[in-house]
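These notes concern the structure reproduced below.
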Amino acid sequence: MRICVIDGQGGGIGAALIRRLKEVYGEEHVVIALGTNEVATSQMMKARANRGASGENAIVRTVPTVDVILGSISIVLANAMMGEVTPRIAEAIASAPAPKILLPLPRTGVEIAGLIPEPLPHMVEKAITGRLKEFINNV
C-alpha cells in the first residue's frame, strides 16, 4: 500500500505520523513524504519515509496515485500553513480518490464543533492504530 503523508512548515506533524507508521507497520507499506517545502520533506525523510518530494507540483501529481493520505486538516484548506497550502494543493488533495485521515489541529483557523481537543501524540495514535488500521484491514 502507498501511504502519503503531507506536511508543511517544519514538518513536525508529518514526521510524528511517519515515525509511528514505521513503528507499527515497519516496511510493510511504502510511505511517501510530500512537503509544501524542503524543510518539511527533509524532516519527514529523517523519520524514515521511503520516498519524498517537495512543492506544489510534486503534491498535485502524486496525490492521485496513492492509496491513503495522512496529514493535518490544514492540507485541504487553501492558504493554510501561512500560505504554504496553495489553492491548487488543497484542491488536489481534497479531490484525490484516496481516503484522507486528517488530524483536527486547532491552528488552522477552523473550529470543528463538538470536537474534544487532544494532544498531538493521542491524535497520531488514533490515526495510525485506529483509522488507518481499519482502512488497511478492509482493503
Query raised in the report: Of all residues in region 103-122, which are hydrophobic (A, V, I, L, M, F, W, C) and either surrounded by 18 or more Cβ atoms within 10 Å (Cβ to Cβ) or more than 17 Å from the chain's Cα centre (by Cα) (or both)?
Result: L103, V110, I112, A113, L115, I116
**Report entry** Number of positions in region 81-122 that are touching a strand residue (DSSP E or B) at 6+ places or on another chain (Cβ under 9 Å), of a type in the set (A, V, I, L, M, F, W, C) and without any contact (Cβ under 8 Å) to a residue 40 or more places away in the chain
**Finding:** 4
Requested in this report: Name the residue, out of K100, K133, K126, that is among the basic types (K, R) and crowded, with 16+ Cβ neighbours inside 10 Å.
Outcome: K100
**Report entry** So I32, is it without any contact (Cβ under 8 Å) to a residue 40 or more places away in the chain and crowded, with 23+ Cβ neighbours inside 10 Å
**Finding:** yes
Requested in this report: Consider I73 carefully, then state whether it is buried (at least 19 other Cβ atoms within 10 Å of the Cβ) and of a type in the set (A, V, I, L, M).
Outcome: no
Requested in this report: Consider A58 carefully, then state whether it is at pLDDT 95 or above, among the small types (G, A, S) and either surrounded by 17 or more Cβ atoms within 10 Å (Cβ to Cβ) or out of contact with any Cys (no Cβ under 8 Å at 6 or more places or on another chain) (or both).
Outcome: yes
**Report entry** Selection within region 1-18 - surrounded by fewer than 17 Cβ atoms within 10 Å (Cβ to Cβ) and either touching a Lys or Arg at 6+ places or on another chain (Cβ under 8 Å) or not in a helix (DSSP H, G or I) (or both)
**Finding:** M1, R2, G10
Report summary line: Considering only helices (runs of 4 or more DSSP H) wholly within region 34-130, the ones with at least 1 residues that are charged (D, E, K, R) and in contact with an Asp or Glu (Cβ under 8 Å, 6 or more places away or on another chain) are 87-95
Report summary line: Here the residues within region 19-33 that are out of contact with any Ser or Thr (no Cβ under 9 Å at 6 or more places or on another chain), of a type in the set (D, E, K, R) and part of a helix (DSSP H, G or I) are R19, K22, E23
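The values are calculated or read from the model by the stated rules, or taken from the named source; none is laboratory data. Predicted, not measured: the structure shown is a model, and the values here were computed from it. Neighbour counts are summed over all protein chains in view; Cβ atoms, including those assigned to glycine, are modelled from backbone coordinates with ideal geometry.
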